[in-house]
Amino acid sequence: MKNYIIHDPWHIIEDQFRAEHNEFSESIFSIGNGRMGQRANFEEAYSGKTMQGSYLAGVYYPDKTRVGWWKNGYPEYFAKVINAVQWIGLDIQIDGTTLDLAQCEIISFERRLDMKAGVLYRTFRAKMPNGKEVEITAKRMYHLFQSDTASLQYTLRVLNSDADVAVRSYLDGDVVNRDSNYDERFWVPIAEDIQDDLVLVKETRKTTFRVEARLRNVCYVGGTAQSSGIKRKEQFYVGEELHAHLKAGESIRMEKYVAMVSSLNHPLDKLTEAAQNSLEKIASKSYDELIQLQTEAWARIWEESDIQIEGDVAAQQAIRFNIFQLNQTYTGEDARLNIGPKGFTGEKYGGVTYWDTEAYCLPFYLATQEPKVARNLLLYRYQHLEKAIENAGKLGFSDGAALYPMVTINGEECHNEWEITFEEIHRNGAIAFAIYNYVRYTDDSEYLSTHGLEVLIGISRFWAQRVNWSEQKQQYVMLGVTGPNEYENNVNNNWYTNKIAVWCLRYTLKVIAQEQTLHEDRLYELLSRLDFKAEESPLWQHIVDNMYLPEDSGRGVFLQQDGFLDKELIPVAELPAGVRPLNQHWSWDRILRSCYIKQADVLQGIYFFEDEFDTNTIRRNYDFYEPLTVHESSLSPCVHAIIAAKLGKEDKAYEFYLRTARLDLDDYNNDTEDGLHITSMAGTWLAIVEGFAGMRVRDGQLHFQTFIPKNWQSYAFHVQYRGTKLYINVSQDDFEVKNLSDTEISIIFNGEQLLIEPEWKS
Ligand code: BGC
């Protein structure tokens with residue numbers, strides 16, 4: 001764990017430079033705008049520990065698979081959203097010596113992320129090896145208002161004597177990925193141009209994404225704009241060098257305005273025009289105007305998605321950090337994009353899609369954005385249906401059965417560990433559940449009819465083929481799976497997987513029946529296009545009625561899988577000190593044989609299907625499984641926070657909340673240097689809204705069942721629901737609900753039916 005991020009409601013602050021933790025800080029201070037983003041690398045040279053990374057959403061490379069032992073069915077590649085153009089670079093020479101913090105005596109240092117405005121600040125004073133003292137103030141933005149652009153402002157003041165300063169501002173396209181499987185180069189150079197703006201064009205190998213980066217530098221010395229400097233180009237590189245002789249106390253200010261466009265969004269012959277237009281839009285403004293526009297754009301986001309907590313700055317900062325990161329990773333404008341578990345903040349899992357999106361992120365976007373944002377997340381999977389059918393085909397399934405990949409960017413499977421790629425099939429269920437969740441929340445049943453049902457049928461066909469009839473049990477079983485708890489592989493009858501499979505089949509049958517009444521013609525057209533056979537529905541119903549769901553009647557709990565009770569059940573609390581995280585201390589074999597649970601598994605099912613169980617059943621399962629859970633996936637604490645809150649275990653709920661909320665800020669799992677846990681950040685939001693505020697949708701009505709942690713004075717948030725917008729404020733002994741829209745809404749609040757008139761009427 002780390003404990004040096006200073007608590008503040010709107011800022012993330014570090015007030016010292018810690019070279020040994022630089023990669024951690026680079027992750028924490030990452031910024032982006034949904035279209036692109038970057039780790040908080042320094043502008044000037046840095047010879048210490050750093051992981052360079054700036055990424056463009058959807059621009060990926062299919063890195064050839066690397067595995068120890070090839071298994072039939074493994075994908076050929078792992079798609080990576082790759083390091084793109086290093087655009088922030090400033091090479092600074094002061095009296096011929098390079099400014100490099102790793103070589104300086106640091107007098108003061110502060111990095112500050114202003115989450116309200118979406119601006120990253122860094123200031124430092126340092127003494128260089130040649131005795132020169134300098135002061136730097138740097139500001140950087142990925143603009144929300146023009147999402148293919150970014151900018152920075154960098155001011156350098158010499159403090160203790162006159163100095164000759166040379167600043168070379170450049171674009172560097174010769175970048176690599178640390179996680180490249182075969183140290184391959186992912187880019188080929190196409191063109192460099194320095195006639196006017198500095199332009200770098202390059203293209204990915206294999207996927208042929210062409211990227212054009214266009215940079216304009218503006219330089220001021222002592223407030224006076226300088227004419228352009230000496231320009232230079234090389235393969236993958238364009239730069240412009242400016243010189244100034246500064247007297248002690250004088251400064252040079254460099255502003256970099258950059259547009260980065262790609263063939264993902266523009267035809268090849270329009271790339272240059274697109275880059276020029278976008279660059280013009282920002283370069284025609286002063287830096288202060290850009291900050292103003294950025295602040296306004298963020299204000300609109302905060303207006304919808306902020307959560308205000310009174311009385312607990314650590315919790316307040318954390319929830320804002322989580323919300324900030326989610327909004328800078330995904331804006332929902334483009335159904336080809338999704339939410340990578342590390343967003344634009346690191347390489348591992350960066351930019352690719354997991355079940356995390358459907359299981360954790362969707363509810364956040366549903367409640368804080370227009371429905372089209374969540375709909376785009378569903379459309380992403382809809383567009384990949386054919387590939388999911390192909391993917392299932394590669395594993396031996398047929399007749400339209402669809403298995404969505406564990407990890408993907410374009411619909412094709414990228415994951416290559418058999419126990420996950422082939423066996424962690426519960427992900428299919430989350431994709432179906434997201435359709436249900438979306439329709440339950442928005443009431444957009446038209447989506448079901450035009451898109452959702454087709455996906456549900458593909459998924460149901462998969463389940464119907466994946467189960468088999470057990471003569472011995474006289475029930476259907478599902479063998480050889482990995483549940484959400486990845487610390488068990490190749491188990492039989494994982495309760496969660498069996499449960500969600502049955503749920504999918506039942507839900508699909510229900511939607512077919514509904515469609516028969518509502519859109520008969522459309523339904524028959526769909527069923528005939530999908531070559532839906534008469535025997536499919538009865539078979540699905542038979543599986544629904546006869547699926548084996550393991551449970552232990554003595555304990556009154558569902559069994560995570562067959563044989564779970566044969567394990568030695570020693571609670572996590574009794575594990576010796578120093579063995580956690582288990583995955584860094586125990587052999588895999590030992591983990592597999594142990595009872596320890598990586599993340600919610602049975603409890604994930606209880607979370608999804610809560611209304612099917614009475615409170616005692618939920619309590620028994622929670623009390624049995626939680627003590628065996630090590631929460632070594634970032635996705636774990638939030639589900640436990642929500643269930644603990646429901647069970648009235650308020651201290652536990654709060655403990656899990658803090659753990660999920662400050663997971664990265666305090667580096668709980670000691671892995672934040674690889675990048676932030678973006679998808680679990682949605683879980684933090686869930687922990688407050690579904691956990692503490694108990695928000696649910698039941699029978700088309702919003703319900704809240706609130707509690708407030710002891711040390712908070714109040715918490716407040718907005719949710720959008722079916723065209724209305726509510727403001728909820730819960731304090732220690734009161735609550736307030738405001739309807740900020742034009743239509744009245746009836747909700748159930750702490751058990752009472754309330755009709756909430758629009759605010760302007762009251
Ligand atoms: C979790 C998975 C998750 C993945 C990406 C793994 O550690 O076990 O459930 O999908 O991380 O976040």
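The values are calculated or read from the model by the stated rules, or taken from the named source; none is laboratory data. The structure presented is a predicted model; accordingly, all values stated were derived computationally and were not measured. Positions of Cβ are backbone-derived with ideal geometry, glycine not excepted, and every protein chain shown enters the neighbour counts. Note: accessible area is taken over every heavy atom of the protein model, side chains too, but ligands, DNA and RNA are not part of it. Shrake-Rupley method; radii C 1.70, N 1.55, O 1.52, S 1.80 Å.
Of everything in region 431-466, what is surrounded by 24 or more Cβ atoms within 10 Å (Cβ to Cβ) and either within 16 Å of the ligand (Cβ to nearest atom) or without any contact (Cβ under 8 Å) to a residue 24 or more places away in the chain (or both)? Give them in sequence order.
Across region 431-466, the qualifying residues are Ile431, Ala434.
Residues Gln52, Gln38, Gln86, Gln16: which one is open to solvent by less than 10 Å² (accessible area, probe 1.4 Å), of a type outside the set (Gly, Ala, Ser) and modelled with pLDDT of 95 or more? So that I can check it myself, show each step before the final result.
On the way: Gln52 fails: open to solvent by less than 10 Å² (accessible area, probe 1.4 Å); Gln86 fails: open to solvent by less than 10 Å² (accessible area, probe 1.4 Å); Gln16 fails: open to solvent by less than 10 Å² (accessible area, probe 1.4 Å).
Result: Gln38 is the single residue among Gln52, Gln38, Gln86, Gln16 that is open to solvent by less than 10 Å² (accessible area, probe 1.4 Å), of a type outside the set (Gly, Ala, Ser) and modelled with pLDDT of 95 or more.
In this structure, does Asn583 turn out to be open to solvent by 10 Å² or more (accessible area, probe 1.4 Å) and of a type in the set (S, T, N, Q)?
Yes; evaluated as a whole, the condition is true for this residue.
Could you go through region 739-749 and let me know if any residue there is at pLDDT below 95 and outside any loop (DSSP other than H, G, I, E, B).
No, because not a single residue in region 739-749 is at pLDDT below 95 and outside any loop (DSSP other than H, G, I, E, B).
Residues in region 374-386: is at least one over 26 Å from Glu535 (Cα atoms), of a type in the set (Phe, Trp, Tyr), at pLDDT 95 or above and in a helix (DSSP H, G or I)? Don't jump to the end; show me each part of the working.
Initial filter on region 374-386 (over 26 Å from Glu535 (Cα atoms)): 374-381, 383-384.
Retained after the next criterion (residues that are of a type in the set (Phe, Trp, Tyr)): 380.
After this cut, where a residue has to be at pLDDT 95 or above as well, the list is 380.
The next check asks that each one be in a helix (DSSP H, G or I); those that pass are 380.
Scanning region 374-386 turns up at least one residue that is over 26 Å from Glu535 (Cα atoms), of a type in the set (Phe, Trp, Tyr), at pLDDT 95 or above and in a helix (DSSP H, G or I).
Is region 23-39 home to any residue that is part of a loop (DSSP other than H, G, I, E, B) and out of contact with any strand residue (DSSP E or B) (no Cβ under 8 Å at 6 or more places or on another chain)?
Within region 23-39, the subset part of a loop (DSSP other than H, G, I, E, B) is 29-30, 33-35, 39.
Subsequent filtering for residues that are out of contact with any strand residue (DSSP E or B) (no Cβ under 8 Å at 6 or more places or on another chain) retains none.
No, there is no match, as no residue in region 23-39 is part of a loop (DSSP other than H, G, I, E, B) and out of contact with any strand residue (DSSP E or B) (no Cβ under 8 Å at 6 or more places or on another chain).
For region 722-762, which positions are open to solvent by 70 Å² or more (accessible area, probe 1.4 Å) and aromatic (Phe, Trp, Tyr)?
Result: Phe735, Trp760.
Could you list all residues from region 68-109 that are at positive phi and not assigned by TED's automatic domain parsing to the domain that holds Val201? If you could, list the steps in order and put the result at the bottom.
Within region 68-109, the first condition is being at positive phi, and the residues that meet it are 73, 95-96.
Gly73 - this is the single residue of region 68-109 that is at positive phi and not assigned by TED's automatic domain parsing to the domain that holds Val201.
So, in region 188-244, exactly how many residues are in contact (Cβ under 8 Å) with a residue 12 or more places away in the chain, within 37 Å of the chain's Cα centre (by Cα) and outside any loop (DSSP other than H, G, I, E, B)?
So the answer is 28.
Give me the residue from region 547-564 that is among the charged types (D, E, K, R) and part of a loop (DSSP other than H, G, I, E, B) and, out of that set, least open to solvent (accessible area, probe 1.4 Å). Walk me through it before giving the result.
Of the residues in region 547-564, the ones among the charged types (D, E, K, R) are 551-552, 555, 562.
Now narrow it down to the ones that are part of a loop (DSSP other than H, G, I, E, B): 555, 562.
Working: Arg555: 111, Asp562: 54 Å².
That would be Asp562.
Any idea how many residues of region 595-624 are within 16 Å of the ligand (Cβ to nearest atom) and either assigned to a strand (DSSP E or B) or over 25 Å from the mean Cα position of the chain (by Cα) (or both)? Lay out the reasoning, then the answer.
Applying the first criterion (within 16 Å of the ligand (Cβ to nearest atom)) to region 595-624 yields 596-605, 607-608.
Going one step further and asking which of them are either assigned to a strand (DSSP E or B) or over 25 Å from the mean Cα position of the chain (by Cα) (or both), we end up with 596-597.
Counting residues in region 595-624 that are within 16 Å of the ligand (Cβ to nearest atom) and either assigned to a strand (DSSP E or B) or over 25 Å from the mean Cα position of the chain (by Cα) (or both) gives 2.
Restricting attention to region 667-681, does a residue exist that is more than 30 Å from Arg112 (Cα to Cα) and hydroxyl-bearing (Ser, Thr, Tyr)?
Step one: list which residues in region 667-681 are more than 30 Å from Arg112 (Cα to Cα), which gives none.
Within region 667-681, not a single residue is more than 30 Å from Arg112 (Cα to Cα) and hydroxyl-bearing (Ser, Thr, Tyr).
Give the residues of region 614-658 that are farther than 26 Å from Ala314 by Cα and touching a strand residue (DSSP E or B) at 6+ places or on another chain (Cβ under 9 Å), sorted by residue number.
Listed by number, the residues that qualify are Thr617, Arg620, Asn621, Asp623, Phe624, Tyr625, Leu628.
Among the residues of region 350-371, count how many are within 16 Å of the ligand (Cβ to nearest atom), assigned to a loop (DSSP other than H, G, I, E, B) and either at pLDDT 95 or above or of a type in the set (S, T, N, Q) (or both).
2
Can you tell me which residue among Arg122, Arg111 is in a strand (DSSP E or B), touching a Ser or Thr at 6+ places or on another chain (Cβ under 8 Å), over 23 Å from Gly222 (Cα atoms) and modelled with pLDDT of 95 or more? Let's see the steps before the verdict.
Working: Arg122 fails: over 23 Å from Gly222 (Cα atoms).
Going through Arg122, Arg111 in turn, just one is in a strand (DSSP E or B), touching a Ser or Thr at 6+ places or on another chain (Cβ under 8 Å), over 23 Å from Gly222 (Cα atoms) and modelled with pLDDT of 95 or more: Arg111.
Please go through (1) away from the ligand (no atom under 14 Å from the Cβ); (2) touching a helix residue (DSSP H, G or I) at 6+ places or on another chain (Cβ under 6 Å); (3) part of a helix (DSSP H, G or I) for Asn428 and return the number of the only condition it doesn't satisfy.
The single condition Asn428 does not satisfy is (1).
Only one residue in Glu423, Glu413, Glu419, Glu347 is within 16 Å of the ligand (Cβ to nearest atom), open to solvent by 10 Å² or more (accessible area, probe 1.4 Å) and in a helix (DSSP H, G or I), so which one is that?
On the way: Glu423 fails: in a helix (DSSP H, G or I); Glu413 fails: in a helix (DSSP H, G or I); Glu347 fails: in a helix (DSSP H, G or I).
The conditions single out Glu419.
One residue is enough: does region 558-576 have a residue meeting the conditions closer than 23 Å to Tyr654 by Cβ and within 16 Å of the ligand (Cβ to nearest atom)?
no
Listed residues Asp174, Asp148; which is among the acidic types (Asp, Glu), modelled with pLDDT of 95 or more, open to solvent by less than 40 Å² (accessible area, probe 1.4 Å) and at negative phi? Show your work before the answer.
Working: Asp174 fails: open to solvent by less than 40 Å² (accessible area, probe 1.4 Å).
From the options Asp174, Asp148, the qualifying one is Asp148.
Give me a count of the residues in region 474-495 that are within 11 Å of the ligand (Cβ to nearest atom) and open to solvent by less than 30 Å² (accessible area, probe 1.4 Å). Talk me through it step by step, then tell me what you get.
The first filter runs over region 474-495 and keeps only residues within 11 Å of the ligand (Cβ to nearest atom), leaving 482-487.
Subsequent filtering for residues that are open to solvent by less than 30 Å² (accessible area, probe 1.4 Å) retains 482-485, 487.
So the answer is 5.
Give the residue, chosen from Ile339, Ile309, Ile323, Ile319, that is of a type in the set (A, V, I, L, M), at negative phi and within 16 Å of the ligand (Cβ to nearest atom).
Details: Ile309 fails: within 16 Å of the ligand (Cβ to nearest atom); Ile323 fails: within 16 Å of the ligand (Cβ to nearest atom); Ile319 fails: within 16 Å of the ligand (Cβ to nearest atom).
So the residue among Ile339, Ile309, Ile323, Ile319 that is of a type in the set (A, V, I, L, M), at negative phi and within 16 Å of the ligand (Cβ to nearest atom) is Ile339.
Consider region 153-187. How many of its residues are out of contact with any Gly (no Cβ under 6 Å at 6 or more places or on another chain), in a strand (DSSP E or B) and charged (D, E, K, R)?
2
Checking the conditions here, which among Gly68, Gly131 is part of a loop (DSSP other than H, G, I, E, B) and closer than 23 Å to Gly249 by Cβ? Talk me through it step by step, then tell me what you get.
Working: Gly68 fails: closer than 23 Å to Gly249 by Cβ.
Selected residue: Gly131, the only one of Gly68, Gly131 that is part of a loop (DSSP other than H, G, I, E, B) and closer than 23 Å to Gly249 by Cβ.
Taking strands (runs of 3 or more DSSP E) that do not extend beyond region 667-721, which have at least 1 residues that are open to solvent by 30 Å² or more (accessible area, probe 1.4 Å), within 21 Å of Ile643 (Cβ to Cβ) and more than 16 Å from the ligand (Cβ to nearest atom)?
On the way: elements: 696-698, 701-704, 714-721.
The strands (runs of 3 or more DSSP E) meeting that bar are 696-698, 701-704.
Among Tyr61, Tyr46, which is the only one that is in contact (Cβ under 8 Å) with a residue 12 or more places away in the chain and open to solvent by 10 Å² or more (accessible area, probe 1.4 Å)?
After ruling out the rest, the residue left standing is Tyr46.
What single numbered condition from (1) under 23 Å from Gly605 (Cβ atoms); (2) assigned to a helix (DSSP H, G or I) fails to hold for Glu525?
Status for Glu525: all satisfied but (1).
Condition (residue is of a type in the set (Phe, Trp, Tyr) and free of Cβ contacts under 8 Å to residues at least 24 places away in the same chain) applied to region 650-671: is it met by at least one residue? Steps first, answer last, please.
Filtering region 650-671 down to residues of a type in the set (Phe, Trp, Tyr) leaves 654, 656-657, 668.
Keeping just the survivors that are free of Cβ contacts under 8 Å to residues at least 24 places away in the same chain gives none.
No: region 650-671 contains no residue that is of a type in the set (Phe, Trp, Tyr) and free of Cβ contacts under 8 Å to residues at least 24 places away in the same chain.
Which of the numbered conditions does Thr497 fail, given that it passes all the others? Conditions: (1) in a helix (DSSP H, G or I); (2) more than 30 Å from Leu582 (Cα to Cα); (3) touching a strand residue (DSSP E or B) at 6+ places or on another chain (Cβ under 7 Å).
If we test Thr497 against (1) in a helix (DSSP H, G or I); (2) more than 30 Å from Leu582 (Cα to Cα); (3) touching a strand residue (DSSP E or B) at 6+ places or on another chain (Cβ under 7 Å), just (2) comes out false.
Determine if region 526-535 includes at least one residue that is within 30 Å of Glu610 (Cβ to Cβ) and either within 31 Å of the chain's Cα centre (by Cα) or among the hydrophobic types (A, V, I, L, M, F, W, C) (or both).
no
Quick test for you: out of Glu280, Glu289, Glu296, pick the one residue that is open to solvent by 40 Å² or more (accessible area, probe 1.4 Å), closer than 16 Å to Val218 by Cβ and under 30 Å from the mean Cα position of the chain (by Cα). I'd like the intermediate steps shown before the answer.
Values: Glu280 fails: under 30 Å from the mean Cα position of the chain (by Cα); Glu296 fails: closer than 16 Å to Val218 by Cβ.
That would be Glu289, the only listed residue that is open to solvent by 40 Å² or more (accessible area, probe 1.4 Å), closer than 16 Å to Val218 by Cβ and under 30 Å from the mean Cα position of the chain (by Cα).
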